[in-house]
Structure formats: structure tokens, C-alpha cells
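Below is one structure, written out as C-alpha cells; the observations come after it.
The values are calculated or read from the model by the stated rules, or taken from the named source; none is laboratory data. Predicted, not measured: the structure shown is a model, and the values here were computed from it. Cβ coordinates were reconstructed from backbone atoms using ideal geometry, including for glycine residues, and neighbour counts include every protein chain displayed. When the accessible area is computed, the model is the full protein with side chains, heavy atoms only, and any ligands, DNA or RNA have been set aside. Shrake-Rupley method; radii C 1.70, N 1.55, O 1.52, S 1.80 Å.
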Amino acid sequence: MTRLDVRKTHKLYIGGAFPRSESGRTFEALDAKGGFLGNMALASRKDARDAVLAARKAFGGWSTRTPYNRGQVVYRLAEVMEGRRDQFIEQLRAAEGLNDKKATTYVDAAIDRVVWYAGWADKYVQVLGNGNPVSGPFFNLSTPEPTGVVATVAPSGPLLGLVSVIAPAIVTGNTVVVIASEKYPVPAVTLSECMATSDLPGGVVNILTGKAAEIAPWLASHMDVNALDLAGVDDPELAASLEVAAADNLKRVLRAPTAPVDWLAEPTLARLEGLVETKTVWHPIGV
Amino acid sequence: MTGATASLRKTLGGLPGVDQVGLEARAAGLGTRSIKTTAKAWAIDLAISMVDLTTLEGADTPGKVRALANKAMRPDPTDPSCPSAAAVCVYPDMVKIAKDTLGDSGLHVASVATAFPSGRAALDIKLADTRDAVEAGADEIDMVIDRGAFLTGNYELVFDEIVATKEACARPDGSHAHLKVIFETGELQTYDNVRKASWLSMMAGADFIKTSTGKVQPAATLPVTLVMLEAVRDFRAETGRQVGVKPAGGIKTSKDAIKYLVMVNEIVGEDWLDPDWFRFGASSLLNDLLLQRQKIATGHYSGPDYVTLD
């Protein structure tokens, strides 16, 4: 007997739930040969606004967890992704037309990247923070703290690029609103399902599928967003206008890359460092 | 049974039952209206001017009440075109502080009274509570009905308490504080009861009817408010006296508030689209209205950093 297709509705991921776009709009995700892959929710500015609300709501709880616990939660995400390894490989092959070997390389690298950043959760403070020698009777200490709500335009690399921008933002205690790759949105939806079934609290990561050029300006000018990561913006004019919009409330901006990024390369602490604020404490000491 | 009692029973008994399914569908339908651009800006300003900014916590302090009163006068200090709220709503012992802070701004002080929120006290205590608040300068009294008596069918008792409280609202100069009657619709069980309570209160002399204390869930809902709006509409048609409506509790977003305004416009018309005849009992709603107002003024989304913490 032939079995009917179980067709999937790809939805947004906001506040731990999977809503359709508030606008009711959809767009088609295509495979490497231009064939139909699935209908995706086309996020609107109101979805972006809802996502920022969810991220803000989650920030208090997430940022005050112990770094050790955040590391465990992010590692748990890697565990769940490992369980979906075959699905990710299949989706990368379909979306990008990669061969099996190459797709496997990217998926493994993505899972390993999450583990790598999870490991840094309780270590980056020691590296980025400092006891400062000052000329006076003070114990002077600098320590990195999360920036807040981060709006991210994800790079088009469907999985590795996506986790490479999300993981460093959340291990330091930020919460994020990500606009997934417009070209390859399906793996982002699968990643959101991994997040929903790991121990990541709802709202820590919110994933929107749709057009960055439409949604990003609203996030860039949003007064309750604290940082803007333009990793996936390849149009210099759009990048410039987003930076201008972000200046209104002095958002921290990670600028758009000027040359193609090799996401397979061993990462540095740059992305962790880019989304923290250094707090310096002067404590009087007896001389 | 006295004549008055018989007539009250006859009126309440003669009220038609509420079609629950139809009512809820109507309320939900009105909630889908899309209000945009200039209409939205107008609705937000109107909603701000209708807010009874409320703090009814055991932890209320004079400082908090002063801060709240100042906020009611100038909800958005960065924008002089922002209207002020209608009133501040506090417990009786805070009335004087609120009154002193508001000064001659024209904003009203509303005070809850009559053993709010449960209403479980002897009548003379409830009346003393009311007189205290009026003496301290309250412009409006929010009383609670005795839900226990109402649910056991003792409508006369509820009626008499409202009449007595209304008398206690009188000032020496012959004027009287406006009386709002709170039903606590979350405890009245059925829409039929809400309709009965509305008529009973209006006949007893209520100037305003109010859904809830905000201490019981569910608090104000669209269908309940719709029943009350129909009641004040029909009451005016019958007696010529206009009574105000105040949904309170659970209205947290501008979107919710605009749904209520749409309903007021559709059910009772523009006569009630005025802070004298329709109020929102709310605390967090005002901040959301201000955020929406800022969004319209600046063209980008605002955030909680730009309104007060309260």
C-alpha cells in the first residue's frame, strides 16, 4: 500500500513555541536544483517584535544562571543535534547539493562547534576578565558581562554558520533573535526543534525565517535590542543602513564581514568577546 | 415581601437570558477589527486618558503612591502632547497622599472601599471605610458587592448595601463622590448573573459598574464587558440615566485596550467613548500604551528602558 506523504509545516521559533508568521505569509524553500523543498513562514516585523519580547523575558533567568550550568545546557543542545545528525546531513545535501562526505563534514563541524563553545561557558571570564594593576589602594577587577538581547543576521551557511553565531552569543548569557539564512532556511527550523527539545529555556534563542532586508531594519532600530550581529549581511549598503539605525540606542555592532568567512576554520574568542560588556570594579583595600 | 422587593425581583427575573455562544462569538468578532495609523494613534491617546492608574497592594507606600500620581499626571515626561490618565486608584489610607500629589491637576482620586477586595465585613464597617475615603478627599469610590449574598439570591441585601454606600458617599456640601460598583465577575459564574448584577446596581444608584477587583482570575474579559455595555445601553434607553463602565484587571496590552474601545463604539456608541463614561482599571497597561505611542511617534520599536518601573 502506498503511504501518503506527511508534509511538514515549517514554522518560526519564538519564546520556545512554534508559531506561524503573524502575517500569515509564507515563502518557498528550494533545493539546489530549484525544486520545491517546503513552505516556510515569512516572518514580519511584528514577529521580530514578538521575538525581542521573548528574548528580553528570557534574559533575566538565562543571564543569571551559573556559567557552568549554561555550558551544560549548550552541551545538551549538541547531544540533541547529534541525535538528528542524519536528518541534518540529508537536509544539507538537499538544500546545497552537497555530496554525502561534504555534508557530513559540515554537520559534524556544526555539532563540534556547539561543544567547543559549551566548553568556553565557564572559562571565557577567566580569559577575558582581568585583575588590573592600578596606581592606588584599590583592588581593581574587570569582568565580562552579557550585553543583553542580540539581533543576529545569520550567515547563509545553513547550519555551521548558524550555530557559529548563536552559540557564542548564548554561552555568555545573552539571548538572541536570529534571522536564518533566507536561501537555506530548512536546517534552521530543524535546529530550532533541537533547541526546543534540549534544556534551553524558551526565548533564549528565537529563530525567524524570512527576508533579512525586510526584518533586520526593525531589529536594528529596536530600542530594546542591545547588540546587532551582521555576520550574514553581504550587501554593504544594507549593512551601512543597519549600523546607522543601530546607533540610536548605541547598540554594540558586530560588523558585516568584508571577505567570505571560512566557518570550518578553528574559531577564536572574537565572537565571545564581541557580545560582552566589560564591567570594572574598584574596591578599596587597606594599604 | 415588600413592594420594592417585589419590583426588584420582577425586574431582575424579567431580564432575558444571555446567549453565551452568541455573546462570545460577538466579542471575539469585534476583537478582530484592525485599527491602524491615525485611528490607532487616536485610540491610544483616548485609552491613556481613560486609565485609572491603580496600585492596590499590601506593600503600597506613600512614596509609591506619589510616584504613581505623578505618572498619572504626566505619563510620558518626554512628550508634552501625551494626555494624562483619568485617575489614580488606591486604598483609602492612601487617598490623602494621592490627593495632595495631584493637587489641582484635575485628575481624580478613586478609592476602593467596603472591605475590598472580598467585601466580607459588617455593613457599618464597610460604610465607615467609605466615609473615611470620602473625607480624605476621594472623588470616586470603588465598592465591592457582597457576592455571597448575590449568589444565594439575596438581591435585596446587595441592593440595600449599594444604596447605603451611595449615601455614605455624600459630602457635607451636598455633592457626592462617584460610586463605582465592582461585581467581581470572575466569581459570578454566569453571564446571566453579570446582567442581573448590572441592572441591580444601576437601579440602586451606581454611577459606574466595574467588572473586577483585579485580585481574582478571570478578571475583565471582552464578553463580560459586552454584557455590561448592553446593560448600560438598555438602562439609559429605559430610564434616561447614563451609567459608566470600567473593565479592570488583566488588560495589559494596547491591543487589548483597543479591542475594548472598538466594542464600546459598536455596542453603546460614541457617548461612552469618554473618560467620564468608560475607564480602564489597570497598572501595566499604561506602559504598553506609552511604548506603542512612542513607536508611532518615532517609527521604531521602543522598550521597557524608556518607561517607568512600577
Need at least 3 residues that are open to solvent by less than 30 Å² (accessible area, probe 1.4 Å) per element, so show me which helices (runs of 4 or more DSSP H) inside the range A:176-287 make the cut, counting only ones lying wholly within it. A:186-196, A:212-220, A:236-246
Might you check whether a residue that is at negative phi, of a type in the set (S, T, N, Q) and open to solvent by 30 Å² or more (accessible area, probe 1.4 Å) occurs anywhere in the range A:136-152? yes
Filter the range A:214-256 for residues that are of a type in the set (Lys, Arg) and within 24 Å of A:LEU160 (Cα to Cα); the one that is nearest to the other protein chains (Cβ to nearest Cβ) is A:ARG252
Please state which of the following conditions B:THR101 fails to meet, knowing it meets all the rest: (1) over 17 Å from B:ALA138 (Cα atoms); (2) hydroxyl-bearing (Ser, Thr, Tyr); (3) in contact with a helix residue (DSSP H, G or I) (Cβ under 8 Å, 6 or more places away or on another chain). (1)
Answer yes if at least one residue in the range B:290-299 is buried (at least 23 other Cβ atoms within 10 Å of the Cβ) and away from chain A (no Cβ under 14 Å), and no otherwise. no
Considering only the range B:139-153, I want to know if a residue exists there that is assigned to a helix (DSSP H, G or I), within 24 Å of B:ALA237 (Cβ to Cβ), in contact with a Leu (Cβ under 8 Å, 6 or more places away or on another chain) and open to solvent by 40 Å² or more (accessible area, probe 1.4 Å). no
Looking at (1) touching a residue at least 40 places away in the same chain (Cβ under 8 Å); (2) out of contact with any strand residue (DSSP E or B) (no Cβ under 8 Å at 6 or more places or on another chain); (3) of a type in the set (A, V, I, L, M, F, W, C), find the lone condition where A:ALA41 falls short. (2)
Name the pairs whose Cβ atoms lie under 7 Å apart, with the first residue in the range A:45-67 and within 10 Å of chain B (Cβ to nearest Cβ), the second open to solvent by less than 40 Å² (accessible area, probe 1.4 Å) and among the acidic types (Asp, Glu), and 6 or more positions between them or separate chains? A:VAL52/A:ASP224; A:ARG56/A:ASP224
Quick check: is even one residue across the range B:256-273 within 14 Å of chain A (Cβ to nearest Cβ) and either touching a strand residue (DSSP E or B) at 6+ places or on another chain (Cβ under 6 Å) or of a type outside the set (Ser, Thr, Tyr) (or both)? no
Hey, A:PHE36 touching a Lys or Arg at 6+ places or on another chain (Cβ under 7 Å), surrounded by fewer than 19 Cβ atoms within 10 Å (Cβ to Cβ) and away from chain B (no Cβ under 14 Å) or not: no
Boolean, B:ALA237 is crowded, with 18+ Cβ neighbours inside 10 Å and away from chain A (no Cβ under 14 Å): no
Exclusive hit being without any contact (Cβ under 8 Å) to a residue 60 or more places away in the chain and closer than 20 Å to A:VAL74 by Cα, set A:VAL171, A:VAL149, A:VAL178: A:VAL178
Here are some residues: A:ASP47, A:ASP31. Which one is open to solvent by 20 Å² or more (accessible area, probe 1.4 Å) and not small (Gly, Ala, Ser)? A:ASP31
Could we say that A:GLY173 is on the phi > 0 side of the Ramachandran plot and either within 14 Å of chain B (Cβ to nearest Cβ) or touching a helix residue (DSSP H, G or I) at 6+ places or on another chain (Cβ under 8 Å) (or both) here? yes
For the range B:1-15, which residues satisfy the criterion of being open to solvent by 20 Å² or more (accessible area, probe 1.4 Å) and touching a residue at least 12 places away in the same chain (Cβ under 8 Å)? B:THR5, B:ARG9, B:THR11, B:LEU15
